[in-house]
Structures are given as structure tokens and as C-alpha cells.
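What follows draws every value from the coordinates through simple rules; no lab data is involved. Every value quoted in this text rests on a predicted model; they were computed, and no experiment measured them. Cβ atoms come from the backbone with ideal geometry, glycine included; neighbour counts cover every protein chain shown.
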Amino acid sequence: MKNLKLKAARAGKDLSQDQLAQLCNVSRQTINAIEKGDYNPTINLCIAICKALDKTLDDLFWEQ
Amino acid sequence: MDFTKLILCLIILGGVALVCFADRKSVKNFDERQLLYRGRAVTIAFASLLLCLFVVLLLNTMNLAWFDLSIAVILSMVISLTIFAVYAILHDAYFTRLKKQVPFSVLFLVVALANVFNGIRHSFGGSAESVYDIVLPVAVGVLGLVVCATLLIKSRIDKKESDEE
């Protein structure tokens, strides 16, 4: 399932996938895979993404 | 004592030590998804190697083998290496996250073409001392060409993804 909340949060911060990937120390393709729902990140990466986007885990990764 | 073979053994030993050391150092260069897919690529490559060896030995046992056993084993290894490379490239797990694909695809192309040319030169020039001189360079060349083509296809897919982003 696509993670549209992550994509929206990234766009809200005006960051490209590549820029977010650099902030989280991962490859651009990994961010792309998470947004497309092709990859489930570990909790460590989820936290890194949340810190980079100033969001909580609930904001980005909790399904309503 | 053959010093050439001894030096070759030392180079291989040094290579193994380097790979072990580099692997420990480069863990941070690959992110968690890349490590996952590299693991899967190794598993698939190992399974394909075992499958190839099974076919080779089966044909050999049934006296249907039209090839030398050692060449068949080397070709099996090249096939499994190719499968590893293609799977890892298609899942963005071949290079560390900081390395760019395009310079490496050029490097692979040059090495591949040099190997294929070397094999053809041995084949048609009659300078081959054994069939290894033809089969090995051509196999490595084909591996390089496949890797190069996969890199180019993947870089196009990546570019398309970036544009759509």
C-alpha cells in the first residue's frame, strides 16, 4: 500500500526523495520504495525519517 | 616450486582478506533495504549455481556432456554471478548508495569488450593454448555486457522515477 502521508510530508518540507534519502543515510530508491509501499522499513529507519520530516511515527506510519 | 602460481595464490588470499575487511567497513554504505536485497541475491545466485552444477553432473553421469567438466563448472559460476549482479542491480543493491551507476557501466563495457575481443582473437588467431583461453574471456565478456546492459536499463528506470517524483 502506498505511503501517501510520507510523500505529502516530504513535499510539505519541499524535499526531493534524494534530499530526504541523504538526511536519513539511505539511498533514494529506498525512500521511493517506502513511498510506493514496496518496502517496509525497520523502526530505526522510520524514526530517522520522522526526525528528518519533524513528524511522529503515528503521523507517517500509522494506518487510520 | 612454481612462483607464478604461488604469487597467484597470495593475490587470491589478499583478495579474500580485502573483501572481508571491505565488507565489514562498507556495511554502513549499504542501507537496510540494500542489505536485504543483496542477501536475497546471494541466495538466488547460490541456488542457481547448485542447479547448474546438478545439470552438469547429471549430463556428465548420463554421458551426454558435450563439454569439459571444468569448463562447465566455470560457466556455472559465471551464470550464478550474472544472476547475482542482475538481481542486485534491478533492486538497487549492487553499488553502495553513494556510487553512481553510469561511470561503472562504461567501465564494465570496456572490460567486457576487451574480454570478448581477447576470446575472439584466441579463437580465430589460433593462439589459444587450450579451450580455456577462448571460453573464459568470452564468458567474462558476456557477464560484463549483461551487467552493463542491466545498468543502463536501470539508470533509465531511475531517471524516469525521478522525473515522475
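Tabulated data for the structure shown
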item: Exposed-loop-free span, longest in chain B, where trypsin sites (Lys or Arg not before Pro) count as exposed if DSSP calls them loop and at most 14 other C-beta atoms lie within 10 Å; result: B:1-98
item: Angstrom value of the Kirkwood radius, inverse mean 1/r, which spans all Cα pairs in the stretch B:9-165; result: 17.6
item: Semi-axis lengths (Å, descending) of the ellipsoid that matches the C-alpha gyration tensor of the stretch B:57-141; result: 29, 20, 6
item: Within chain B, longest stretch free of exposed chymotrypsin sites (Phe, Trp or Tyr not before Pro) [DSSP loop, at most 15 other beta carbons within 10 Å]; result: B:68-165
item: Given A:LYS7/B:LYS160; A:LYS51/B:LYS159; A:LYS7/A:LYS55; A:LYS5/B:LYS154; A:LYS36/B:LYS159; A:LYS13/A:LYS36, the pairs whose alpha carbons are separated by over 24 Å; result: A:LYS51/B:LYS159; A:LYS5/B:LYS154
item: Enclosed volume per residue, in Å³, of the convex hull spanned by Cα atoms of the stretch A:4-61; result: 66
item: Cβ-derived FRET efficiency at R0 41 Å, B:THR43 paired with B:LEU8, nearest 0.05; result: 0.85
item: Per-residue average of Cβ from other chains inside 10 Å of B:51-61; result: 0
item: Whole-number percent relative contact order across chain B, with pairs defined as alpha carbons under 8 Å at least 6 apart; result: 23
